[in-house]
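Participant: Sending over a structure as structure tokens; questions will come in a sec.
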Amino acid sequence: MSRKQTRTRIINISLFLLLGFASVLFLMPLVLTICDSFMTETEIFYNYGAMLDLKSDSIYTANSVALKLIPDRVTLKQYADTLITSSEYLFKFWNSVILAVPITVLQIGIALTASYGFARFGGRIRQMIFLVYIILMLMPYQVTLVPNFLVSEQLGFSGTRWAVILPGIFSTFPVFLFTRIMKRIPKAYLEAARLDGAGEIRIFLHIAVPLCRNVIVSVLLLVFIDCWNMVEQPLLMIDDSREQPLSIFLSQIRSGDLGLIFAAAVFYMIPSLLLFLYGEEDLVQGMSYSGVKT
Amino acid sequence: MKKKMNSKKRTITILAVCFFTAVLLLTFFSNTIMNASLPEITAQYVKSGRIYDRISGTGIASADDVINIYPECTGTIADLAVSTGDRVEQGELLCTIQPETDGTEDTSGGDKRKAYYAAIQLYLRKGLTYEESEIALEQDKSILMEEICTAYQLTSSSDTVYLSAAVQAEYTFLQNDLSYVNTDDFEKLPSKYQPEIQMALSSYESAQDAEEQARKNYSKAQSSLIGDSDTLQELADEAYRTRESAYEDYLTAHNAWQSAVNSGNENAAPMESAAESAWSYYESTADAYDKAVSQVNKAVQAENDASYAEQAYETAQESTEYASENLSTTLDEAASDIKRDISLLEILLLETSASDETLLLNEDGTVSLYAETSGIVTGLSAAAGDMVLTSAPVLQLIKSDSTYTVRFNTSAEKAQSLRPGIEASVINADAEAILKGVYNATSSSSGSADEKTLLFTVSGDVTAGQSLALKMSENNQSFDFTVPSRAISEDSTGTFILVLETKSTPLGNRYYAKKINVTVLADDGSNAAIDGEITRDTYVIVLCTEAIQDGDMVRMKESAE
């Protein structure tokens with residue numbers, strides 16, 4: 001074997017190990033969550049009580065944390081408590097659905113129309129507005145959290161779900177992505193449609209949107225996952241705990257029952273997982289399309 | 001590739017639909033599923049009412065009148081005639097003691113002691129207690145001593161020597177007096193008995209004379225009877241009817257004669273004769289009737305006189321009988337009086353013939369110990385063969401009519417309004433109790449600093465050492481908020497109740513238990529008056545199928561159909 005081949009092999013093996021390690025690192029939390037959701041409360045307290053400084057008079061806690069993949073005793077009690085015994089977590093799940101689905105659908109809709117405008121209509125004003133969009137996109141959402149709270153309070157829907165939904169549907173990132181892909185649509189398609197008598201709405205709905213399908217799916221995926229996992233917005237905007245999503249409960253890991261949190265987390269990740277598996281190819285294609293230079 | 005991708009998407013779509021459908025079904029049926037596992041509660045609204053706050057407690061009955069029986073000498077118990085729990089009568093033998101003798105004892109102690117107790121019994125029959133009998137005996141002895149000294153004009157010096165002779169003489173006189181009573185030789189009795197006896201005797205003799213006179217009168221009245229007044233009355237009635245008939249005959253004859261005269265009938269003259277004959281007959285019948293009536297009156301009068309005489313005779317007999325009883329009673333009292341004096345003298349004889357320090361022995365050399373009062377033997381501290389000392393009681397007697405005391409502790413707050421005299425009922429015995437006093441709980445008892453000891457006097461079917469449960473109603477007030485006592489719980493934060501809180505959800509109402517701290521104002525064991533952040537609309541959880549805490553979800557009990 002030549003030196004070049006050997007070197008190549010060493011590089012590959014190193015990369016393999018590195019990536020393997022990284023994969024394990026990334027997958028470990030997920031696997032742990034799934035495995036620990038089948039553990040009994042006693043075992044969870046014993047293994048993880050020291051990490052969270054949990055003390056109980058009747059349950060023994062080990063002095064150090066032990067990451068355990070295979071439970072000593074498998075039980076479905078956590079799932080039964082989450083899904084059957086108590087309906088609290090089911091209601092929180094649907095609260096998440098009530099927040100995530102409208103935000104996702106409306107955000108996509110508004111972003112598509114905005115991006116069509118940015119892509120099809122020129123002018124210096126358009127450029128200035130698009131620049132503002134980009135600046136806003138670069139800002140972290142925490143910056144706009146307080147102004148959103150004040151506006152919602154002024155408008156009178158502070159403390160309700162609308163305080164989360166309405167600010168959420170106006171997002172700049174989808175606009176940016178859709179604009180890039182809209183610009184790639186050949187003008188000839190649009191001109192031909194116009195010549196055939198189609199109006200702008202028909203051109204938008206029947207030509208522009210279908211051509212952006214992959215990007216739409218990828219953006220939908222990203223937006224849904226972002227909305228599904230949001231914590232700060234509902235925590236700040238929604239007063240009634242009965243309307244808060246399940247993500248808030250999962251974030252309060254110290255106050256809740258660990259076993260329940262593991263089970264609820266597994267249950268909570270299923271919609272995201274299913275959606276990702278459904279749109280996996282579209283996500284890859286959409287990201288690649290949006291990255292191609294126009 | 002595309003086909004594979006479509007198949008994969010189809011599978012994921014199906015999985016997603018199944019997942020969301022399952023979650024949807026679980027959500028819709030979550031209430032139903034969850035309710036099966038929730039604890040079931042019984043609740044009621046807070047309401048106003050009266051609370052009969054009761055104080056109750058349990059204590060041991062201890063007798064009030066406990067008498068220690070001490071032996072008269074140091075010695076060994078020869079025989080124990082009673083055991084713990086035995087009921088003894090006054091004067092009953094308790095035990096005999098073999099004393100540690102020194103040879104100076106008087107062996108006639110048994111008879112003397114009996115005589116002494118006999119004198120006590122005389123006073124006990126008058127309803128005096130044993131102590132009062134002893135005091136009365138002492139007083140009578142001193143009076144008797146004075147009488148004897150006065151009668152025999154004794155001087156102060158050497159009284160004891162003359163006293164014995166005088167007592168002996170008086171003893172003889174009294175014995176003679178008693179014999180006079182028995183032989184009805186009244187006049188020989190001492191002058192102090194004479195007035196009453198003479199009066200009774202005089203009454204008796206008068207009664208006898210009156211009876212005799214009444215008897216004579218009755219005999220005379222009996223002999224004056226002339227016949228049965230009813231029979232004579234019948235004869236008089238018959239005579240009356242005869243007279244009336246004769247008169248009618250006369251009228252008939254007279255009218256016929258008048259008619260004849262008026263009509264010029266030639267037979268008028270015979271008719272006149274007939275009329276005259278009728279008239280004569282009428283007059284004779286009238287005389288007969290008058291005589292008959294007179295006879296009747298005389299008979300009635302005689303009967304009345306005889307009846308009065310009989311009643312007077314019976315009354316005289318009763319008077320005689322009463323006078324005879326009176327005379328007998330007077331004589332009996334005199335005899336009783338004399339016998340009492342004899343007993344007193346016998347005691348004097350006993351006491352003057354023995355010194356106070358001499359031990360009175362029975363014939364067998366033992367000393368008998370008798371019960372000073374009727375009661376129940378408790379605390380028997382010696383057995384046959386044991387050594388006893390004069391300083392230590394042999395046993396204890398609880399008097400038959402002894403009352404008992406019971407005590408228990410209660411909170412100072414409840415005892416605040418109690419006053420002596422309040423009645424209490426005894427739950428587990430046929431007895432009654434009255435609050436005697438309220439005292440600070442002693443440090444040696446189980447009570448804490450904020451507790452009071454209640455002392456009750458108990459009477460009835462109670463024995464010493466018996467555990468008695470008492471309860472008394474202390475407070476009776478109206479309160480705005482009352483709940484069943486079992487709804488109240490306690491923890492480290494104090495007294496609290498659990499109330500029902502309702503939260504509405506899209507799938508129905510949820511019920512939660514909420515803790516509210518309250519203060520118990522009064523409690524009668526069944527209901528309690530409370531104060532706290534409650535209103536009339538507060539729905540209090542009274543019962544639950546399992547232990548619940550603040551914030552726990554519960555379900556309402558299904559009402560019976």
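Participant: For B:Asn176, what is the net charge nearby, where nearby means another residue's Cβ is under 11 Å from its Cβ and Lys, Arg count +1, Asp, Glu -1?
Facilitator: -2
Participant: Among B:Glu533, B:Glu451, rank each residue by its count of other Cβ atoms within 10 Å, from fewest to most, as a rough exposure measure.
Facilitator: Result, fewest neighbours first: B:Glu533, B:Glu451.
Participant: What's the extension gain from B:Ser277 to B:Asp537 if we count 0.36 nm per residue and subtract their Cα-Cα distance?
Facilitator: Residue separation times 0.36 nm, minus the Cα-Cα distance, leaves 81.6 nm.
Participant: Let me ask something else about it. Can you work out D for the stretch B:262-339 in µm² s⁻¹ from Stokes-Einstein, where Rh is the Kirkwood radius over C-alpha pairs, the temperature is 10 °C and the viscosity is 1.306 mPa s?
Facilitator: 83
Participant: Rounded to the nearest angstrom and ordered from largest down, what semi-axes does the equivalent ellipsoid of the stretch A:127-274 get from its C-alpha gyration tensor (root of 5λ)?
Facilitator: 37, 20, 13
Participant: If you don't mind, another one. Report, as a whole number in µm² per second, the diffusion coefficient that Stokes-Einstein gives for the stretch A:1-152 at 25 °C and 0.890 mPa s using the Kirkwood radius over alpha carbon pairs.
Facilitator: 112
Participant: How large is ³J(HN,Hα), in whole Hz, for each residue of the stretch A:213-218 in order, when computed from phi with the Karplus curve 6.51 cos²θ - 1.76 cosθ + 1.60 and θ = phi - 60°, using x for Gly and Pro?
Facilitator: The phi angles translate into 4, 4, 5, 4, 4, 5 Hz.
Participant: So what's the gap between the Cα centers of the stretch A:124-154 and the stretch B:11-69, to the nearest angstrom?
Facilitator: 54
Participant: Based on the Kirkwood radius over alpha-carbon pairs, what is the Stokes-Einstein translational diffusion coefficient of the stretch A:129-176 at 25 °C with 0.890 mPa s viscosity, in µm²/s?
Facilitator: The Stokes-Einstein estimate is 214 µm²/s.
Participant: Let me ask another. With runs of 4+ DSSP H residues as the only contributors, calculate the mean residue ellipticity of the protein assembly as shown at 222 nm using -39,500 (n - 2.57) per run, divided by the residue total and rounded to the nearest 500.
Facilitator: It lands at -18500 deg cm²/dmol.
Participant: Report for the protein assembly as shown the percent antiparallel among DSSP-assigned beta bridges with both residues inside it, nearest 5.
Facilitator: 95
Participant: When N counts the residues of the stretch B:197-305, how does its alpha-carbon radius of gyration compare numerically with 2.2 N^0.38 Å, as a ratio?
Facilitator: Cα Rg divided by the expected 2.2 N^0.38 Å: 2.06.
Participant: Another question, if that's okay. Can you give the Kirkwood hydrodynamic radius for the protein assembly as shown, in Å, rounded to one decimal and based on Cα pairs?
Facilitator: With all distinct Cα pairs of the protein assembly as shown included, I get 43.9 Å.
Participant: Roughly how compact is the stretch B:455-496, stated as its Cα Rg over 2.2 N^0.38 Å to two decimals?
Facilitator: 1.91
Participant: May I pose another question? Using amide H atoms built in the peptide plane, which far-off residues or other-chain residues are under 5 Å from B:Asp65 H to H?
Facilitator: Long-range HN contacts for B:Asp65: B:Lys399, B:Thr403.
Participant: Modelling each spin label as a point 7 Å along the Cα-to-Cβ direction, I'd like the B:Thr390/B:Asp228 distance in nm, to one decimal.
Facilitator: 9.0
Participant: Sticking with this structure for a sec: Is chain A rounded, prolate or oblate when judged by the Cα gyration tensor, a ≥ b ≥ c being the square roots of its eigenvalues, rounded requiring a/c under 1.5 and prolate requiring a/b larger than b/c?
Facilitator: Judged from the Cα gyration tensor, chain A comes out oblate (a/c at least 1.5, b/c at or above a/b).
Participant: Considering only Cα-Cα distances, which of the following residue pairs are longer than 22 Å: B:Lys220/B:Lys291; B:Lys47/B:Lys557; B:Lys216/B:Lys291; A:Lys77/B:Lys8; B:Lys192/B:Lys339; B:Lys414/B:Lys514?
Facilitator: Pairs exceeding 22 Å: B:Lys220/B:Lys291; B:Lys216/B:Lys291; A:Lys77/B:Lys8; B:Lys414/B:Lys514.
Participant: Placing unit charges on C-beta atoms (Lys and Arg positive, Asp and Glu negative, everything else neutral), compute the dipole magnitude of the stretch B:188-297 about its Cα centre in debye, rounded to 20.
Facilitator: Computed about the Cα centre, the dipole is about 920 debye.
Participant: Further question on the same structure: Which residue, B:Ala309, B:Gly85, A:Ile201, has the largest displacement toward the positive end of the dipole of the protein assembly as shown when charges sit on each Cβ (Lys, Arg +1; Asp, Glu -1)?
Facilitator: A:Ile201
Participant: Once both axes come from the Cα atoms, what is the angle between helix A:280-291 and the longest principal axis of chain A, in degrees from 0 to 90, rounded to 10?
Facilitator: Around 50 degrees separate the two axes.
Participant: Going by a ≥ b ≥ c, the root eigenvalues of the Cα gyration tensor, does the stretch A:160-206 fall in the rounded group (a/c under 1.5), the prolate group (a/b larger than b/c) or the oblate group?
Facilitator: Note, shape of the stretch A:160-206 comes out oblate.
Participant: With +1 assigned to the C-beta of every Lys and Arg and -1 to the C-beta of every Asp and Glu, and no other charges, what is the dipole magnitude of the protein assembly as shown about the Cα centre in debye, to the nearest 20?
Facilitator: Here the size comes out at about 17200 debye.
Participant: Here is a further query. What is the sum of charges, Lys and Arg at +1 and Asp and Glu at -1, for the other residues whose Cβ falls under 13 Å from the Cβ of A:Ile11?
Facilitator: For residues surrounding A:Ile11, the net value is +4.
Participant: Next question, about the same structure. Calculate one ³J(HN,Hα) per residue across the stretch B:66-83 by plugging θ = phi - 60° into the Karplus curve 6.51 cos²θ - 1.76 cosθ + 1.60, and present them in order as whole Hz with x for glycine and proline.
Facilitator: Couplings: 10, 10, 8, 9, 9, x, 7, 8, 7, x, 10, 6, 7, 8, 10, 8, 10, 9 Hz.
Participant: Around B:Ser280, with a cut-off of 12 angstrom between Cβ atoms, what is the net charge of the other residues, counting Lys and Arg +1 and Asp and Glu -1?
Facilitator: Residues near B:Ser280 contribute -4 overall.
Participant: Right, here's the next one. With labels modelled as points extended 7 Å from the Cα through the Cβ direction, what inter-label distance (nm, one decimal) is found for A:Val151 paired with A:Leu131?
Facilitator: Reported label-point gap for A:Val151 and A:Leu131 is 2.2 nm.
Participant: While we're looking at this one, here's another question. Would you grab the residues whose amide H sits under 5 Å from the one on A:Asp257? Only those 5+ places off in sequence or on another chain, please, with H modelled 1.01 Å from N.
Facilitator: So A:Asp257 has HN proximity to no qualifying residue.
Just so you know, all these numbers are worked out from the coordinates, no wet-lab data involved. Note that this is a predicted model, so its numbers are computed, not measured. Here the Cβ is made from the backbone with ideal geometry for all residues, glycine too, and neighbour counts use every protein chain on show.
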